[in-house]
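Presented below is the structure to which this report refers.
The values are calculated or read from the model by the stated rules, or taken from the named source; none is laboratory data. Everything quoted here is computed from the prediction, not taken from an experiment. Cβ atoms come from the backbone with ideal geometry, glycine included; neighbour counts cover every protein chain shown. Keep in mind that these areas ignore ligands, DNA and RNA; they rest on the heavy atoms of the full protein, side chains included. Shrake-Rupley method; radii C 1.70, N 1.55, O 1.52, S 1.80 Å.
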Amino acid sequence: MSYEDLMRRALTLAERGLGRTTPNPAVGALIVRDGQVIAEGFHEKAGLDHAEIVALKQVGGRAQGSVLYTTLEPCNHHGRTGPCTEAIIAAGIKTVVVGAGDPNPKVAGRGVARLRSAGVEVVEGVLEADCRRLNEAYNLAIVEGRPFVLLKAAMSLDGRIATKKGESKYLTGEEARGEVHRLRDRYDAILVGVGTVLADDPELTVRLAGSRNPLRVVLDSQLRTPLESRLVKTARTVPTLLVTTHDASAARRRRLEKKGVAILNVKANRSGRVDLLRMLKALHARELNSLLVEGGSQVHGAFFDAGLVDKVAFFYAPLLIGGEAAKGPIGGGGVAKLKKAPRLLDVRWRALGPDLLIEGYPR
């Protein structure tokens with residue numbers, strides 16, 4: 001098999017850790033001897049063995065002279081675990097094939113340099129774009145100090161997220177809704193505005209076999225989330241965070257906290273609403289790398305106006321709603337001139353049953 005074929009296998013392994021390794025990246029590794037895979041591993045959770053160590057432990061002393069494939073540059077520092085470079089060198093690995101470098105300043109080329117200084121051959125950049133995409137959230141979070149923001153919206157073909165009377169449930173079909181649950185499973189947190197809570201009373205959980213629930217975040221500057229809402233009723237079993245301002249009622253806060261809801265106070269912006277960048281920085285301080293925004297038009301518009309959308313995932317259903325009163329996916333101030341409009345880069349699309357998913361990165 002080629003370098004690329006084996007790295008694709010490592011990427012498939014790494015994907016199993018998405019949403020579970022934060023604040024660490026998701027990594028997959030293989031050990032290959034005479035063209036045959038003799039061990040494989042992936043990073044399951046922060047604090048547990050890194051992918052390379054998982055694979056090395058499977059072969060014990062039989063790694064001598066083998067080739068190790070890893071989707072990310074091996075670490076060369078002490079964190080929750082020891083440096084992978086030293087374990088690789090001690091095992092007698094002959095060659096390390098690396099997908100992408102690690103932007104973490106504690107690594108950033110030092111892992112590769114340490115291996116080479118010990119006489120280990122290093123091949124870099126195999127399926128680099130795919131390996132970087134796998135950890136796009138980690139890469140941004142480690143550099144910018146805030147979570148990567150994916151904005152998701154479901155809409156009709158003519159760009160309406162609801163009818164003029166606000167009906168929006170099940171715009172898209174079963175396959176598209178399944179993809180949304182897969183996204184939730186891979187993200188550290190999911191965010192909506194209090195307007196969505198009041199209108200739809202969502203639960204914001206993941207309904208897939210073997211899945212986990214992300215942190216549920218609600219933008220709620222005045223703490224209007226009802227005590228009888230499904231989010232509050234399930235707060236003791238699914239972590240739930242209301243982000244509010246210092247102007248919110250202290251009594252209301254105490255009642256919500258007694259129900260198991262966590263409260264985060266963030267300085268308000270000029271409009272009296274939660275300052276989004278400050279909120280993102282606070283979420284990153286809680287070791288969150290990624291945030292899935294599933295709000296309504298107003299919340300989406302606020303993120304776009306603040307320049308805080310890193311990726312979009314728009315699900316289009318083959319419906320035509322029409323009507324000037326029916327809302328589109330992005331409210332807020334918008335842009336006055338086309339040349340100011342963010343243009344999507346690296347656009348990808350795929351069919352999900354009768355629906356269409358379009359993804360891209362606004363720049």
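Here are some notes:
- Of the residues making up the range 264-310, just one is hydroxyl-bearing (Ser, Thr, Tyr), outside any helix (DSSP H, G or I) and either open to solvent by less than 60 Å² (accessible area, probe 1.4 Å) or in contact with a Leu (Cβ under 6 Å, 6 or more places away or on another chain) (or both), namely 290.
- All positions within the range 228-242 that are more than 15 Å from residue 198 (Cβ to Cβ) and in a loop (DSSP other than H, G, I, E, B): 234, 235, 236, 237, 238, 239
- Selection of first residues in the range 246-263 that are open to solvent by 60 Å² or more (accessible area, probe 1.4 Å) and of second residues that are in a helix (DSSP H, G or I), restricted to Cβ pairs under 9 Å at least 6 apart or on distinct chains, gives the following pairs, ordered by first then second residue: 259/232; 259/233.
- Taking the criterion of being more than 20 Å from residue 331 (Cβ to Cβ) and open to solvent by 50 Å² or more (accessible area, probe 1.4 Å), the residues of the range 156-174 that qualify are 170, 174.
- Any hit, the range 316-334, residues being open to solvent by less than 40 Å² (accessible area, probe 1.4 Å) and assigned to a strand (DSSP E or B): yes
- Filtering 204, 171, 183 for residues that are touching a strand residue (DSSP E or B) at 6+ places or on another chain (Cβ under 8 Å), assigned to a loop (DSSP other than H, G, I, E, B), closer than 20 Å to residue 303 by Cα and not charged (D, E, K, R) leaves a single hit, 204.
- Test: residue in the range 136-152 that is on the phi > 0 side of the Ramachandran plot, at pLDDT 95 or above and either out of contact with any Pro (no Cβ under 9 Å at 6 or more places or on another chain) or in a helix (DSSP H, G or I) (or both): yes
- Yes/no for residue 110 being over 15 Å from the mean Cα position of the chain (by Cα), in contact (Cβ under 8 Å) with a residue 24 or more places away in the chain, surrounded by 16 or more Cβ atoms within 10 Å (Cβ to Cβ) and on the phi < 0 side of the Ramachandran plot: yes
- All positions within the range 335-357 that are open to solvent by less than 60 Å² (accessible area, probe 1.4 Å) and part of a loop (DSSP other than H, G, I, E, B): 341, 353
- Residue 196 loosely packed, with under 14 Cβ neighbours inside 10 Å, hydroxyl-bearing (Ser, Thr, Tyr) and not in a strand (DSSP E or B): no
- Residue among 216, 207 that alone is under 24 Å from residue 137 (Cβ atoms), among the basic types (Lys, Arg) and open to solvent by less than 20 Å² (accessible area, probe 1.4 Å): 216
- Flag if residue 85 is touching a helix residue (DSSP H, G or I) at 6+ places or on another chain (Cβ under 6 Å), in a strand (DSSP E or B) and β-branched (Val, Ile, Thr): no
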